[in-house]
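*Asks:* Below are the structure tokens for one structure; questions will follow.
The values are calculated or read from the model by the stated rules, or taken from the named source; none is laboratory data. As the structure is a prediction and not an experimental result, all values here were calculated from the model. Virtual Cβ from ideal backbone geometry, glycine too; neighbours counted across all protein chains shown.
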Amino acid sequence: MSNPLISIVIPSYNSERYIRECLESLRTAKSDRVECILVDGGSSDNTMSIVEDYRELFSVIISEQDEGQSDAFNKGFNLAKGEYFTWLNSDDVFCPGALSLVLKRIELRDSEWYAANVVYLDEHSRITRCCQSGSFEEWALPFGILNVFGPSTVFSRKLYEELGGFREDFHYCMDTEYWWRIARSGIRYKRIPVYLWALRLHKAAKTAAVVTQGPSARPPRMVEENERYRQMYFPYISDRNRTRGVWLVRFWRVLNLSYLRSHMRTLRYRGKLISSMKNS
């Protein structure tokens, strides 16, 4: 593939339970503007035999021991040919019809960074929650708040080359650190009003407990990484001011109807299979 618009990296490791559904969603969304790269960490289960059934989707397939998800991202993006980059975890899926809508939007090339919306799934591919938001909240940055759904973010090759890859010493918060790095550079995302990713919350997912139970469920390494990127990007913000900012952001999202739209979409689709969802 000589001139793809977007390159998608799929990191995987022992993903046999969910990867077929992931790759089916990718097959449905694939086009000549999309490059797919699979980076596996040396799976010992049937992951790679399943991947063989989808070999035609990929320009590159790597399966070898690595240093974790950030290492997989960097391997894939360093080989990518697209103008824009994103990823899809091997236990997650693209929402029906979403990628084609994203492609139409980024064909405008009017931003280096785009953010879409996200859906949460249970282990049986049933929708539990829909989350959407609005434009970049510049005023929230001084409170240490950056409103972006990491799983549904698209960024340019130019940004990746200028800012460098994902930090391989981060296991949980590599995406959040990266979004702060982009924001610190002065780039602001443009929101694409599309549910792009469906993020599966299952027992083996490393951030599932945090999403379902809140900050109290964060493992010690995640707590440590949160403190590290806080010291890097907003060390001067007190806990009190950050809490004040959280409440201001919540109030703003009530006013701009983000919460209402998310709630209405959740009521419409909760309990239904992701295959039934329509982006509209």
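*Asks:* L248 passes all but one of (1) surrounded by fewer than 19 Cβ atoms within 10 Å (Cβ to Cβ); (2) aliphatic (A, V, I, L, M); (3) under 17 Å from the mean Cα position of the chain (by Cα); which number fails?
*Replies:* Answer for L248: the failing condition is (3).
*Asks:* Could you say which residue among S70, S15 is assigned to a loop (DSSP other than H, G, I, E, B), crowded, with 21+ Cβ neighbours inside 10 Å and at pLDDT below 95?
*Replies:* Selected residue: S15, the only one of S70, S15 that is assigned to a loop (DSSP other than H, G, I, E, B), crowded, with 21+ Cβ neighbours inside 10 Å and at pLDDT below 95.
*Asks:* Would you confirm whether any residue within the stretch 186-195 is surrounded by fewer than 16 Cβ atoms within 10 Å (Cβ to Cβ), at pLDDT below 95 and within 30 Å of R270 (Cα to Cα)?
*Replies:* Yes - at least one qualifying residue is present in the stretch 186-195.
*Asks:* If only one of L199, L108, L121, L163 is of a type outside the set (F, W, Y), surrounded by fewer than 19 Cβ atoms within 10 Å (Cβ to Cβ) and under 30 Å from D66 (Cα atoms), which one is it?
*Replies:* On the way: L199 fails: surrounded by fewer than 19 Cβ atoms within 10 Å (Cβ to Cβ); L108 fails: under 30 Å from D66 (Cα atoms); L121 fails: surrounded by fewer than 19 Cβ atoms within 10 Å (Cβ to Cβ).
Only one candidate passes the filter, namely L163.
*Asks:* Then there's this: Test of understanding: among H171, H124, which residue is more than 18 Å from the chain's Cα centre (by Cα) and modelled with pLDDT under 95?
*Replies:* That would be H124, the only listed residue that is more than 18 Å from the chain's Cα centre (by Cα) and modelled with pLDDT under 95.
*Asks:* What pairs come out if I take residues in the stretch 230-255 that are more than 19 Å from W180 (Cα to Cα) and pair them with residues that are among the aliphatic types (A, V, I, L, M) and surrounded by 11 or more Cβ atoms within 10 Å (Cβ to Cβ) whose C-beta lies under 6 Å away, six or more apart or interchain?
*Replies:* Here the result reads none, with nothing in the stretch 230-255 linked to a residue that is among the aliphatic types (A, V, I, L, M) and surrounded by 11 or more Cβ atoms within 10 Å (Cβ to Cβ).
*Asks:* Another question, then. Quick check, is S90 more than 30 Å from R250 (Cβ to Cβ) and touching a Pro at 6+ places or on another chain (Cβ under 7 Å)?
*Replies:* yes
*Asks:* Residue pairs, Cβ under 7 Å, 6 or more apart or interchain, first in the stretch 108-126 and farther than 16 Å from F94 by Cβ, second part of a loop (DSSP other than H, G, I, E, B) and of a type in the set (V, I, T). List them.
*Replies:* E112/I187; W113/I187
*Asks:* One residue is enough: does the stretch 175-192 have a residue meeting the conditions in contact with a Gly (Cβ under 9 Å, 6 or more places away or on another chain) and either over 19 Å from M232 (Cβ atoms) or not in a helix (DSSP H, G or I) (or both)?
*Replies:* Yes, the stretch 175-192 contains a residue that is in contact with a Gly (Cβ under 9 Å, 6 or more places away or on another chain) and either over 19 Å from M232 (Cβ atoms) or not in a helix (DSSP H, G or I) (or both).
*Asks:* Something else about it: So which helices (runs of 4 or more DSSP H) stay within the stretch 199-280 end to end and still have 3 or more residues that are at pLDDT 90 or above?
*Replies:* The qualifying helices (runs of 4 or more DSSP H) are 220-233, 239-255, 258-269.
*Asks:* Answer yes if at least one residue in the stretch 156-167 is assigned to a strand (DSSP E or B), modelled with pLDDT of 95 or more and farther than 17 Å from Y233 by Cα, and no otherwise.
*Replies:* yes
*Asks:* I've got another one for you. Go through the residues of the stretch 14-33 one by one and say whether even a single one is under 20 Å from H171 (Cβ atoms) and either polar (S, T, N, Q) or touching a helix residue (DSSP H, G or I) at 6+ places or on another chain (Cβ under 8 Å) (or both).
*Replies:* Checked against the condition, which is being under 20 Å from H171 (Cβ atoms) and either polar (S, T, N, Q) or touching a helix residue (DSSP H, G or I) at 6+ places or on another chain (Cβ under 8 Å) (or both), the stretch 14-33 yields at least one hit.
*Asks:* A follow-up question, please. Every residue in the stretch 82-91 that is under 25 Å from G164 (Cβ atoms) and either touching a strand residue (DSSP E or B) at 6+ places or on another chain (Cβ under 6 Å) or in a helix (DSSP H, G or I) (or both), please.
*Replies:* G82, Y84, F85, T86, W87, L88, S90, listed by residue number.
*Asks:* Can you report the number of residues in the stretch 31-48 which are surrounded by 16 or more Cβ atoms within 10 Å (Cβ to Cβ) and part of a loop (DSSP other than H, G, I, E, B)?
*Replies:* Counting residues in the stretch 31-48 that are surrounded by 16 or more Cβ atoms within 10 Å (Cβ to Cβ) and part of a loop (DSSP other than H, G, I, E, B) gives 3.
Residue-by-condition table, conditions (1) more than 30 Å from Y259 (Cβ to Cβ); (2) assigned to a strand (DSSP E or B); (3) not aromatic (F, W, Y):
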site	(1), (2), (3)
I50	yes, no, yes
V60	yes, yes, yes
P96	no, no, yes
L101	no, no, yes
V119	no, yes, yes
